[in-house]
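The values are calculated or read from the model by the stated rules, or taken from the named source; none is laboratory data. Not measured: the values here are computed from a predicted model. Backbone-built Cβ (ideal geometry, glycine too); neighbour counts: all protein chains shown. Only protein heavy atoms, including side chains, enter the accessible area calculation; ligands, DNA and RNA are left aside. Shrake-Rupley method; radii C 1.70, N 1.55, O 1.52, S 1.80 Å.
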Amino acid sequence: MENNPNFCEENNTDKEVSTRRKVLNITLICILSVLVLTAAITGSMMLIDYLGVDTSVATPDETTVPVTTIEITTEAQETDPTLPDGTPYTDRQDWEKLLSINSDVKGWIHIPNTAINYPVLKSEEDGYGYQYYLHRALDGSYEYAGSIFIDYRSSEGVKSKNIITHGHKMNNGTMYHDLINYGAYTGDLDYYKQAPTLFFNTPEGVEQWVIFSVYKTNTLERHGDFFNYFHGDFASDAQFMNYVYNIKMRSLFNIPVPINEDDQIITLSTCSHEYTDFRTVVVARKVRQGESVKEYIDKATVNNEAWWPDVYYTDHSTPRPEITTFRTEYEKGNLPWYDGEGNLEGSEFLKGAQGNKSFTVIFLDWDGSILSTQTVTQGKSATPPADPVHPDDDYYHYVFKEWQLDYTNVTKNMTIAPSFTPVHKEQ
């Protein structure tokens with residue numbers, strides 16, 4: 001069974017920037033045939049049903065057609081942040097103008113030295129299987145190319161712990177197309193050092209973020225387990241840090257950006273084609289007050305041991321690196337990039353994370369009724385209930401002997417029945 005989601009990221013917008021004016025051009029694109037689009041939507045729902053995770057944020061690459069233009073003026077502000085090389089960052093948005101066009105505008109994303117420089121929207125209508133701005137322009141009119149938008153699973157919008165954004169990857173190089181320039185099967189270090197930070201600006205101010213992970217992930221079942229990177233909010237600090245650990249292990253680069261449970265991150269997701277319906281995902285951490293990030297960027301290297309989905313290892317002789325969990329590696333002292341308190345409470349479980357995949361273990365009573373149902377992390381031991389008691393019959397006492405399956409190294413779902421030794425009653 002194949003699971004082909006209908007939610008790629010592509011769009012078509014050209015822009016010109018002057019000291020006083022930005023022009024936002026949003027390009028219409030040729031629409032796929034009805035049969036292809038229908039197949040993509042069907043595949044998306046299959047993946048949702050299989051995983052319980054809505055991955056419907058991707059459509060195939062498109063050719064481009066003439067553009068619809070919306071004019072946005074800019075204005076200067078007094079204090080300018082600086083780029084890592086010391087260059088002042090002077091771009092500003094006219095929020096009054098933007099919000100008069102559409103109150104769904106929540107921010108503006110810009111990666112200097114790339115074509116990525118767009119408003120970011122979020123619709124309250126979004127939910128499981130539906131994203132309003134997937135094929136809508138800034139003013140809400142239909143455009144197959146869509147807009148950059150925040151995933152509904154970032155429930156707090158720009159205040160979410162992880163601001164998940166999506167954008168189409170257009171053939172003419174617009175929208176989130178430039179994300180693929182960070183690398184395909186290996187990272188392009190020169191490109192990363194050319195565009196190592198991004199700005200996610202809101203009406204509240206200008207914020208710089210430093211990129212610390214660029215990774216590839218799959219959406220089709222045949223390519224391996226799906227890593228659920230759609231975590232906008234987290235149940236605990238431990239879960240958040242395990243998420244960070246997982247995306248750093250998958251990164252095409254080793255970037256020594258320190259991260260802890262108090263940080264906020266932003267995710268940029270788009271389509272890529274290393275394999276069918278793959279995704280390129282770029283993640284950045286908000287720059288802390290007074291922090292210089294140049295040292296992290298200068299020390300960045302290509303990660304030749306990035307963790308890939310299963311399909312990669314059928315084509316490459318590279319051994320698969322081991323992924324455990326944040327807590328496991330922290331206890332071993334293996335996380336030099338972590339600068340938090342360490343003793344984090346709560347579960348660190350992540351659906352689809354290779355290091356802590358979980359299984360259901362059921363222990364049965366003598367009559368087949370359920371004594372205990374447990375969720376057990378891969379490789380860990382289940383906890384058996386008290387020895388069950390089998391009632392005597394007219395001829396035998398029954399003494400509990402053992403559980404019929406080994407529950408000390410769980411690697412699959414298990415239903416475990418007890419064994420009893422019959423002892424003949426004396427006459």
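Select from the range 128-152 the residues that are farther than 17 Å from MET175 by Cβ and touching a Phe, Trp or Tyr at 6+ places or on another chain (Cβ under 9 Å) and write down the one among them that is surrounded by the most Cβ atoms within 10 Å (Cβ to Cβ).
Result: TYR152.
Residues of the range 233-258 being crowded, with 19+ Cβ neighbours inside 10 Å, among the polar types (S, T, N, Q) and closer than 12 Å to LEU350 by Cβ, which ones?
Those that are crowded, with 19+ Cβ neighbours inside 10 Å, among the polar types (S, T, N, Q) and closer than 12 Å to LEU350 by Cβ: GLN239, ASN242, ASN246.
All but one of (1) open to solvent by 30 Å² or more (accessible area, probe 1.4 Å); (2) farther than 29 Å from LYS193 by Cα; (3) at pLDDT 95 or above; (4) part of a loop (DSSP other than H, G, I, E, B) hold for GLU125; which doesn't?
Result: GLU125 passes all but (3).
Given the criterion within 18 Å of the chain's Cα centre (by Cα) and modelled with pLDDT of 95 or more, identify the matching residue among ASN181, ASN162.
Only one candidate qualifies: ASN162.
Look through the range 375-393, keep the residues that are open to solvent by less than 80 Å² (accessible area, probe 1.4 Å) and among the polar types (S, T, N, Q), and return whichever of them is nearest to SER347 (Cα to Cα).
Top of the filtered list is THR377.
Inspect the range 335-355 for any residue being touching a strand residue (DSSP E or B) at 6+ places or on another chain (Cβ under 9 Å), open to solvent by 30 Å² or more (accessible area, probe 1.4 Å) and either of a type in the set (Ser, Thr, Tyr) or on the phi > 0 side of the Ramachandran plot (or both) and give the result as yes or no.
no
Scanning for something part of a strand (DSSP E or B) and in contact with a His (Cβ under 9 Å, 6 or more places away or on another chain), does the range 100-111 turn up at least one residue?
Among the residues of the range 100-111, not one is part of a strand (DSSP E or B) and in contact with a His (Cβ under 9 Å, 6 or more places away or on another chain), which makes the answer no.
Being within 15 Å of the chain's Cα centre (by Cα) and among the small types (Gly, Ala, Ser) is true for just one of SER236, SER251, SER292. Which residue is that?
SER251 is the lone residue from the list that is within 15 Å of the chain's Cα centre (by Cα) and among the small types (Gly, Ala, Ser).
Do you know which of the residues in the range 394-427 that are assigned to a loop (DSSP other than H, G, I, E, B) and of a type in the set (Asp, Glu) is surrounded by the most Cβ atoms within 10 Å (Cβ to Cβ)?
My answer is ASP406.
Taking the residues in the range 233-265 that are of a type in the set (A, V, I, L, M), assigned to a loop (DSSP other than H, G, I, E, B) and out of contact with any Gly (no Cβ under 6 Å at 6 or more places or on another chain) as candidates, determine which candidate is farthest from ASN334 (Cα to Cα).
Checking each candidate, the answer is ALA235.
Taking the range 365-374, which residues are open to solvent by less than 60 Å² (accessible area, probe 1.4 Å) and in a loop (DSSP other than H, G, I, E, B)?
Once the filter is applied, which keeps residues that are open to solvent by less than 60 Å² (accessible area, probe 1.4 Å) and in a loop (DSSP other than H, G, I, E, B), the range 365-374 yields ASP365, GLY368, SER369.
Considering only residues that are modelled with pLDDT under 50, part of a strand (DSSP E or B) and open to solvent by 50 Å² or more (accessible area, probe 1.4 Å), look in the range 62-97 and name the one that is nearest to THR270 (Cα to Cα).
Here the residue is THR64.
Could you check, for the range 348-355, whether at least one of its residues is in a loop (DSSP other than H, G, I, E, B), charged (D, E, K, R) and closer than 24 Å to ARG250 by Cβ?
Within the range 348-355 (the criterion being in a loop (DSSP other than H, G, I, E, B), charged (D, E, K, R) and closer than 24 Å to ARG250 by Cβ), the answer is yes, since at least one residue qualifies.
Within the range 225-232, is there a residue that is touching a residue at least 60 places away in the same chain (Cβ under 8 Å), open to solvent by 10 Å² or more (accessible area, probe 1.4 Å), over 19 Å from GLY167 (Cα atoms) and part of a strand (DSSP E or B)?
No, there is no match, as no residue in the range 225-232 is touching a residue at least 60 places away in the same chain (Cβ under 8 Å), open to solvent by 10 Å² or more (accessible area, probe 1.4 Å), over 19 Å from GLY167 (Cα atoms) and part of a strand (DSSP E or B).
Condition first: within 21 Å of PRO203 (Cα to Cα), touching an Asp or Glu at 6+ places or on another chain (Cβ under 9 Å) and not in a loop (DSSP other than H, G, I, E, B). Now tell me which residues in the range 141-168 satisfy that.
ILE148, PHE149, ILE150, VAL158, ASN162, ILE163, ILE164, THR165, HIS166
Please go through the range 284-303 and pick out each residue that is closer than 18 Å to ALA195 by Cβ and open to solvent by 40 Å² or more (accessible area, probe 1.4 Å).
LYS286, SER292, LYS294, GLU295, ASP298, LYS299, THR301, VAL302
Hey, can you tell me all the residues within the range 153-181 that are surrounded by fewer than 22 Cβ atoms within 10 Å (Cβ to Cβ) and under 13 Å from LEU252 (Cβ atoms)?
ILE180, ASN181
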